[in-house]
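Here's the structure we're looking at; comments come further down.
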Amino acid sequence: MSTQTTLAHALFQQAYALHQQGKIQQAKPLYEQAITQSPDLTDAYLLLGVIAQQMRDSPLAIRYFEHAIQQRPKFAVTYCHLGVAQKSLGQFDQALKNYDRAIALDRNLADAFYNRGILKSELRSFASALQDYDAAITLRPNYPEAFCNRGIALRQLNQVSEALSSYDQAVSLRPNFADAEYNRGLCLLQLGKFEHAWSAYEWRWQCEGISASKKRRQFSQPMWLGETDLVGKTIYVYSEQGLGDTLQFCRYIPLIKALGAYVIFEVQAPLLQLLQTLKGVDACIVRPEHYPQFDFQIPLMSLPLACKTLDLASIPNDIPYLKADENKLRDWRQTLSAYKGRKVGLVWNGSSNHKNDQQRSIDLATLLAYLPTHEEHIQYVSLQKEYRPQDHQVLQAHPKILDFSDKLHDFSDTAALCQSLDLIVSVDTSVAHLAGGLGKPVLLLLPFNADWRWLLEREDSPWYPSLHLIRQTKIDDWHTSLSKLGTKIECALG
């Protein structure tokens, strides 16, 4: 072995030791020096690729992995790493091919099956992903990440009890595994097993991949979880997730007010005017630059835990708990009186930024194909604040659908319009929660794997007695569920 080769291997071993300690910034230049001394040191290229991926530089990682493959074309692990880097760039076809190559070269490579399962889940091939997770677990029975992702695939297939078992296994293998604990909580919520669900749901603060953990607040005041007397105390309740979540869980405010607290409620700006009149609120604000004085604080969606909502029967259900402004309500009723027929509001999509928007939203053209067309009996009213380009074109081609988007400045306007209607047809978005909180009848269109709050299989909701749920019976199959819509609308209108 030449002096250069000996030096290269020494540098590599030093770099590898640092890499194993997580000191990638120190390891990187040593790997680079190693390949300068010995350009055929394949493992150095591979590990430089791993470091590049750890530093979120996927294009550089791909170059290193491809160089390693040129030197050692039958090394399965490199193809697996290459697939991970390609997937992170949205190069799904190439990633899938490289996972397949890795598995063809080494049928015992658990990570290749696991990563292929993740990709298949993103491509919504959940049954196939499940097979890959099972293969990975067979090869490596102590694989908590595979059990966790297996649970995600099972839940997407509505096999929620089986998913719960998979999460339990993940947690048994890795105690305090935040992603598995949080997903356990979602399963328990979807099964209506609230006694243990809300405490598991608190793991949302530890999960890096979800919005809640990114928005966690740090206060010097203690978090209130129901154990401390609130008489004469000020509590700061703040919204933490979407508009629909705020509209659903603000029902808990009167409960803590009844405990003797002065309640400051922080909400999103579009909800401010509507929720200023919510029962139990002493002060309603948007997030301030400087917080007011208070004794305790609690994020809104921790209130079911603090208020001991242990089962479906204990859900606060004093409906309506939202109220439209009387002046705005009068104006909307006067506006709508000019149109014949029963008034039916339509909501066909939510925010495009929502992680499940592709599953929950519908194109307007698709929805219109299933609506009754008895124009003398039904007047459709759009409740959308904004339109996507393709929907705007469809709306222009159907001028008989009333469009008041320019008059919907915030949710107080939308609430008054909703209150003026006879029925709302909506996908799972904030307006459905608004209408439910107002006590208005709603036909709610749900994807196959609906959000946990709609439970399983039910056509009703313990959260909102005025809602009727219309569920997909197969993944991404709107046709079957929407084919029932005409009959449901006519029944709801009497």
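Computed from the coordinates by the stated procedures, all read-outs in this text should not be read as laboratory data. Model, not experiment: these values are computed from the prediction. We place every Cβ from the backbone using ideal geometry, glycine too, and count neighbours over all the protein chains shown.
When the alpha carbon coordinates of segment 326-493 are projected onto the principal axes, the ranges are 41, 34, 33 Å, largest first. Measuring max minus min along each principal axis, the C-alpha atoms of segment 311-365 give extents of 39, 38, 21 Å (largest first).
Between segment 29-85 and segment 344-415, the alpha-carbon centres lie 50 Å apart. Amide H to amide H, with H built 1.01 Å from N, Gln276 comes under 5 Å of no residue 5 or more places away or on another chain. How much length is gained if the chain between Ala365 and Asp134 is pulled fully straight, taking 0.36 nm per residue apart and subtracting their Cα-Cα distance, in nm to one decimal? Length difference between fully extended and current span is 79.1 nm. With 19 Å as the limit on Cα-Cα distance, the pairs of Lys343/Lys407; Lys385/Lys488; Lys74/Lys97; Lys257/Lys308; Lys279/Lys407 that go past it are Lys385/Lys488; Lys279/Lys407.
When the alpha carbon coordinates of the chain are projected onto the principal axes, the ranges are 92, 57, 39 Å, largest first. The residues neighbouring Arg251, those whose beta-carbon lies less than 10 Å from its own, together hold a net charge of 0 under the Lys/Arg +1, Asp/Glu -1 convention. Dividing the C-alpha radius of gyration of segment 234-314 by 2.2 N^0.38 Å, with N its residue count, gives 1.02. Computed over neighbours whose Cβ is under 9 Å from that of Trp224, the net charge equals -1, Lys and Arg +1, Asp and Glu -1. The helix-only estimate of mean residue ellipticity at 222 nm for the chain, built from DSSP H runs of length n ≥ 4 each weighted as -39500 (n - 2.57), is -14500 deg cm²/dmol after division by the residue total.
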